[in-house]
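Peer 1: My questions will all concern the structure given below.
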Amino acid sequence: MTIKLPSIQIKAKVVVVGNKNVGKSSICTKIFGPSKSNALLVNTKIDFFMMDKTYKLDGLRLLIKYLVWTLTGEARPEDAQPLLFAGADSVITMFAVDDENSLNDAKRWVERLFSMMGPMPVILVANKIDLRNTKPDCIRTEEGEKIAEELSKKYDMPCFYVETSTETGQGLDQLERLLSQIIIWKKLSTEER
């Protein structure tokens with residue numbers, strides 16, 4: 001006898017931001033598959049990624065239908081418009097460990113997000129960690145964790161920290177798992193109200 005698990009479908013909007021060359025499109029392609037389309041939003045190009053993924057939780061089947069928006073190219077925090085973040089369930093803010101400016105701008109992205117939308121779950125992603133083996137002045141894990149903690153306290157919102165390498169695949173499963181947990185928690189806690 002086969003027991004069919006009850007299922008819940010969740011639609012989730014995720015926004016991925018960060019400086020040029022931090023790996024936004026690479027990380028989205030590795031996790032969500034190839035870009036489905038793109039658009040121009042107030043002179044800022046956005047790529048869209050979509051993926052359906054089923055998770056099992058406490059006897060339930062949860063189908064998350066991801067719609068991921070990522071700013072491409074030279075977008076800066078001041079370019080972001082409220083429409084970009086409107087309806088987002090989580091924001092992934094990326095920086096490259098070999099680029100201190102991208103970390104400073106990642107903090108500015110979170111500040112811009114907070115000023116437009118208020119508290120929202122953020123995942124601060126340190127990408128290109130494979131470069132730590134070849135470049136001596138890379139941003140260390142402790143620095144990234146400290147900044148995520150500071151952002152969380154400053155804006156009174158959850159700011160998680162994950163390290164990844166799209167080159168080696170390290171941390172990508174952890175990022176996807178954390179993102180799904182945030183979305184499930186946010187959607188189910190919203191329904192309970």
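Peer 1: Treating the beta-carbon of each Lys and Arg as +1 and of each Asp and Glu as -1, no other charges, what is the dipole magnitude of region 137-192 about its Cα centre, to the nearest 20 debye? Could the numbers behind the result be given before it?
Peer 2: Values: 7 positive and 13 negative charges, 45 e Å.
Here region 137-192 has a charge dipole of around 220 debye.
Peer 1: Can you compute the modelled spin-label distance between Lys65 and Lys135, with each label point 7 Å from Cα toward Cβ, in nm?
Peer 2: Roughly 4.0 nm, to one decimal.
Peer 1: To continue, here is another question. Multiply the residue gap between Lys30 and Met50 by 0.36 nm, knock off their C-alpha separation, and tell me the result in nm, one decimal place. Walk me through the numbers before you get to the answer.
Peer 2: On the way: separation 20, 0.36 × 20 = 7.20 nm, distance 1.20 nm.
Working it through step by step, the gained length comes to 6.0 nm.
Peer 1: Give the accessible surface of the chain per residue, rounded to a whole number of Å², with probe radius 1.4 Å and ligands, DNA and RNA excluded.
Peer 2: On the way: 10070 Å² over 193 residues.
With all protein chains present, the chain gives 52 Å² per residue.
Peer 1: In whole percent, what relative contact order does the chain give with Cα contacts below 8 Å and a gap of six or more residues?
Peer 2: Values: 365 pairs, mean separation 41.6, N = 193.
Once normalised by length, the contact order is 22 percent.
Peer 1: Of all the accessible heavy-atom surface of the chain, with the other protein chains kept in place and a 1.4 Å probe, what percent is carbon and sulfur? If you can, show how the numbers build up before the last one.
Peer 2: Working: 5000 of 10070 Å².
After summing per-atom areas, the C and S share lands at 50 percent.
Peer 1: So if we plug the beta-carbon distance of Asn21 and Glu145 into 1/(1 + (r/R0)^6) with R0 = 30 Å, what FRET efficiency do we get, rounded to 0.05?
Peer 2: Numbers: r = 23 Å, r/R0 = 0.77.
The computed FRET efficiency comes out at 0.85.
Peer 1: Relative contact order for region 51-147 using alpha-carbon pairs under 8 Å, separation at least 6, rounded to a whole percent? Walk me through the intermediate numbers first.
Peer 2: Details: 100 pairs, mean separation 24.2, N = 97.
Answer for region 51-147 is 25 percent.
Peer 1: Follow-up. Per DSSP H run of n ≥ 4, the term is -39500 (n - 2.57); total these for the chain, divide by its residue number, and report the mean residue ellipticity at 222 nm rounded to 500 deg cm²/dmol. Each step should come with its number before you reach the end.
Peer 2: Details: 5 runs with 67 residues, N = 193.
Mean residue ellipticity, 222 nm, calculated: -11000 deg cm²/dmol.
Peer 1: Just name one of Pro158, Cys138, Val125: the one whose Cα is farthest towards the positive end of the charge dipole of region 74-193 (beta-carbon charges, Lys/Arg +1, Asp/Glu -1).
Peer 2: After comparing all options, I get Pro158.
Peer 1: How many percent of DSSP beta bridges within the chain run antiparallel, rounded to 5?
Peer 2: Details: 17 of 43 bridges.
Restricted to the chain, the bridges split so that about 40 percent are antiparallel.
The values are calculated or read from the model by the stated rules, or taken from the named source; none is laboratory data. As the structure is a computational prediction, the values presented were derived from the model and not from experiment. All Cβ positions, glycine included, derive from the backbone under ideal geometry; neighbour counts span all protein chains shown. Quick note on the areas: whole protein, heavy atoms, side chains included, nothing else; ligands and nucleic acids left out. Shrake-Rupley method; radii C 1.70, N 1.55, O 1.52, S 1.80 Å.
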